[in-house]
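Down below is the structure, laid out as structure tokens.
The values are calculated or read from the model by the stated rules, or taken from the named source; none is laboratory data. As the structure is a computational prediction, the values presented were derived from the model and not from experiment. Note that we place each Cβ from the backbone using ideal geometry, even for glycine, and neighbour counts take in every protein chain shown.
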Amino acid sequence: MFDTVVQSRKPEYTPAVAAAAAPLYDKVRRVVNALDWATYAPYILEINRLKKEKGAVILAHNYMTPEIFHCVADFFGDSLQLAQQAGKTDAKIIVQAGVHFMAETSKILSPKKTVLIPDLRAGCSLAASITAADVRLLREKYPDVPIVTYVNTSAEVKAESDICCTSSNALAIVESFAGDTVLMIPDQYLARNIARQTKKKILTWQGSCEVHERFTPEDIKKFRAAWPGAVVLAHPECPPEVVAEADFAGSTKAMSDYVRDRQPKKVVMVTECSMSDNVSVNNPNVEFVRPCNLCPHMKRITLQNILSCLQTMTHEVTVDPVIAARARLAVEKMLAVNIQSRGV
Ligand code: 13P
Ligand code: SF4
């Protein structure tokens, strides 16, 4: 009896489901095997039906697995693109297929909307590395130095900051200040990578991304020896010694654009594992070497919990309105700088 109840709740892979989902499978068949597809397809169809019924959109980060990224997401991209999209969408409900700070950023920019995250435990080692109290102490210590805060932080930390940045616009944001010193928190590696591109003095914090800090310069040398001629792309959350060995460093969007525009024969993406799968779907002539590290937080988001999130309208992400108003200033200042810098 119990088994029957459980089975009836799980969407089934029937011939009708297989036929309806076939065009989506054509898109991802090179990165999703047929056995896994039989599990995914019924969830994908049910998610796509339910999000229409409820007026929801799914915002997915580039590190989502391909069945989420290519089959249920309405908008996808790097942190900056997701923040821009959250501010623009007319949908009443946003489901954030990403980590908690991304959902908070959506809520900060769209306070009247319902923002849901499929798993509240989807955190980030950078966001966990600093508190609002830490930022207040920094402010006391460096009263005249502007504080540029990476979006990979809590709303409380953003609220204490002068402006936010992402890996896409960090240099433009730092350069937007007139003074010669800037505090970039909390990613010590992003800060050091930006310091190599600007004349300004960059002070930082001791945070790091647990995924990107694991890559070493020796790894890159080994990749080059094993795959001669491969182009190496790295995320700027990697240590600067790793970035120095790469051919190009940029946000997840910048890496994806690099492959789309330059069509290298072989590429090594020094970043989270799903990136190569997602980018390879639209670049069939590029060979991807996949030396990657998994982000355990991003990987908490699955088709199963996206469906359950839409069915039960949990977990709702809320931000104290006073904190949200202060954090919004920092995020909106960032978005304004970005718009100006794109026009140059
Ligand atoms: P991007 O803004 O480049 O997508 O980076 C977000 C992130 O969490 C990378 O680890
Ligand atoms: Fe945070 Fe790193 Fe995961 Fe990005 S990859 S969410 S920075 S832990």
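Rundown of residues vs (1) out of contact with any helix residue (DSSP H, G or I) (no Cβ under 8 Å at 6 or more places or on another chain); (2) under 20 Å from A330 (Cβ atoms); (3) crowded, with 17+ Cβ neighbours inside 10 Å; (4) without any contact (Cβ under 8 Å) to a residue 12 or more places away in the chain, yes/no style:
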| site | (1), (2), (3), (4) |
| --- | --- |
| D180 | yes, no, no, no |
| M184 | no, yes, yes, no |
| F215 | no, no, yes, no |
| V242 | no, no, yes, no |
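Pick from segment 286-321 the residues that are in contact with a Lys or Arg (Cβ under 9 Å, 6 or more places away or on another chain) and farther than 27 Å from K113 by Cα: which of them is farthest from ligand 1 (Cβ to nearest atom)?
E287
From the residues in segment 69-79 that are touching a residue at least 60 places away in the same chain (Cβ under 8 Å) and in a loop (DSSP other than H, G, I, E, B), which one is nearest to ligand 1 (Cβ to nearest atom)?
D78
Quick grid of which residues meet (1) crowded, with 19+ Cβ neighbours inside 10 Å; (2) of a type in the set (K, R); (3) away from ligand 1 (no atom under 16 Å from the Cβ); (4) farther than 25 Å from V211 by Cα:
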residue	(1), (2), (3), (4)
A132	no, no, yes, no
I147	yes, no, yes, no
Y150	yes, no, no, no
T153	yes, no, no, no
E160	yes, no, yes, yes
C165	yes, no, no, no
N169	yes, no, no, no
S176	yes, no, yes, yes
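Pull out all pairs, ordered by first then second residue, where Cβ-Cβ is under 6 Å, the residues are six or more apart or on different chains, the first lies in segment 8-34 and is at pLDDT 95 or above, and the second is of a type in the set (F, W, Y).
Sorted first by the residue in segment 8-34, then by its partner, the pairs are Y25/W37.
Grab the strands (runs of 3 or more DSSP E) fully contained in segment 114-183, keeping just those with 1 or more residues being within 16 Å of ligand 2 (Cβ to nearest atom) and either at pLDDT 95 or above or within 30 Å of V57 (Cβ to Cβ) (or both).
Numbers: elements: 114-116, 147-150, 163-165.
Of the strands (runs of 3 or more DSSP E) lying wholly inside segment 114-183, those with at least 1 residues that are within 16 Å of ligand 2 (Cβ to nearest atom) and either at pLDDT 95 or above or within 30 Å of V57 (Cβ to Cβ) (or both) span 147-150, 163-165.
Quick check on my filter: what residues within segment 80-110 are free of Cβ contacts under 8 Å to residues at least 40 places away in the same chain and surrounded by 24 or more Cβ atoms within 10 Å (Cβ to Cβ)?
Listed by number, the residues that qualify are L82, A86, I94.
For segment 236-249, what are the residues that are within 15 Å of ligand 2 (Cβ to nearest atom) and more than 15 Å from C209 (Cα to Cα)?
Listed by number, the list holds a single entry, A249.
Based on what the data block shows, is V95 closer than 23 Å to T198 by Cα, more than 14 Å from ligand 1 (Cβ to nearest atom) and part of a strand (DSSP E or B)?
So V95 fails the test.
Which one of S274, S280, S256 is surrounded by 15 or more Cβ atoms within 10 Å (Cβ to Cβ), away from ligand 1 (no atom under 16 Å from the Cβ) and not in a loop (DSSP other than H, G, I, E, B)?
S280
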